[in-house]
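Bear in mind that the values in this text are calculations on the coordinates, not laboratory data. These figures come from a predicted structure and were not determined experimentally. Glycine gets a Cβ as well: all are built from the backbone with ideal geometry, and neighbour counts include every protein chain shown.
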Amino acid sequence: MSENYDFLFKFLVIGSAGTGKSCILHQFIEGKFKQDSSHTIGVEFGSKVVNVGGKSVNLQIWDTAGQERFRSVTRSYYRGAAGALLVYDISSRETYNSLTNWLTDARTLASPNIVIILIGNKKDLDSDREVTFLEASRFAQENELMFLETSALTGENVDEAFLKCSRTILSKIETGELDPDRMGSGIQYGDPSLRRSIRPGRQEERQKCAC
Ligand SMILES: Nc1nc2c(ncn2[C@@H]2O[C@H](COP(=O)(O)OP(=O)(O)OP(=O)(O)O)[C@@H](O)[C@H]2O)c(=O)[nH]1
Ligand SMILES: [Mg+2]
């Protein structure tokens, strides 16, 4: 039986404690700000089907705890993620300074091909800003990350963050840079007929090889 989506992508939300990861996920799924958000214990899960360039994509999102004491638990969820939101808080330089560690973890434990978008959250707290847009965008460029500033409070750029990352994954599938059939790619086909339609060249190759 075919699923009612074209692709499934596994996503991670990572970054230091208190940066607003759970609030971002809640805003994305429920369309409103999560009042009285408390620290995540281990991991939380959310899913949503979005339309990306005419394809329906089922996003399976793992929101991880930022607190150090949960690190060994959360690390075990990294494997086979196709995309990640790496979140810092624009009003906390400390959370920005930890980005390199999070990035190393994501690239080593998830996949070197993981598509990561850097998220400067709490954009609404501009008067308390400790990290400029320019500084973070340079960091993103140097580390081959996409970049957006968001506010889980107002909802600004929250949908765009997930969509931007999904669009990049989809275009990498179309160009052949990402192979959904590779073990641990974090990508699955929902509709089996898509397997043939999206990359006809590869299928032909396979059929030729079968004899
Ligand atoms: N002003 C403002 N506050 C925010 C925003 N996003 C989150 N917060 C606040 O930041 C605090 C932490 O938010 P969480 O979403 O629980 O943070 P987290 O990153 O999930 O934290 P851990 O689960 O411990 O890793 C809460 O008090 C939120 O109300 C935002 O965009 N703007
Ligand atoms: Mg949380």
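Computed from phi, the 3J(HN,Hα) profile of the stretch 121-129 under the Karplus parametrisation 6.51, -1.76, 1.60 (θ = phi - 60°) reads 8, 6, 3, 5, 8, 4, 5, 9, 4 Hz, with x in place of Gly and Pro.
Could you compute the net charge surrounding residue 12? Neighbours are other residues with a C-beta less than 14 Å from the C-beta of residue 12; K and R count +1, D and E count -1. Before the final figure, lay out the partial values.
Numbers: positive: 10, 21, 71, 75, 79, 107; negative: 44, 63, 105.
Overall, the nearby charge balance is +3.
Within the listed set 113, 101, 58, the residue fluctuating most in the Gaussian network model of the chain (springs between alpha-carbon atoms under 10 angstrom) is 101.
The value for the stretch 108-188 of Rg(Cα) / (2.2 N^0.38 Å) is 1.27.
Given +1 at the Cβ of Lys and Arg, -1 at the Cβ of Asp and Glu and no other charges, the dipole of the stretch 83-126 around its Cα centre is 120 debye to the nearest 20.
Round to the nearest 0.05 the FRET efficiency obtained for residue 67 and residue 183 when R0 = 45 Å and r is the Cβ-Cβ distance. The computed FRET efficiency comes out at 0.90.
Could you grab the relative contact order for the chain? Cα pairs under 8 Å, six or more apart, rounded to a whole percent. In percent, rounded to a whole number, it is 26.
Along the stretch 162-174 the Karplus relation, 6.51 cos²θ - 1.76 cosθ + 1.60 evaluated at θ = phi - 60°, assigns HN-Hα couplings of 5, 5, 4, 5, 5, 4, 5, 4, 4, 5, 6, 5, 5 Hz to successive residues, with x for each Gly and Pro. Here the ratio of the Cα radius of gyration of the stretch 7-198 to 2.2 N^0.38 Å is 0.98. Between the beta carbons of residue 75 and residue 193, assuming R0 = 41 Å, the FRET efficiency works out to 0.65 to the nearest 0.05.
Note on residue 138 and residue 36: with the Förster distance fixed at 45 Å, the Cβ-Cβ geometry gives a FRET efficiency of about 0.80.
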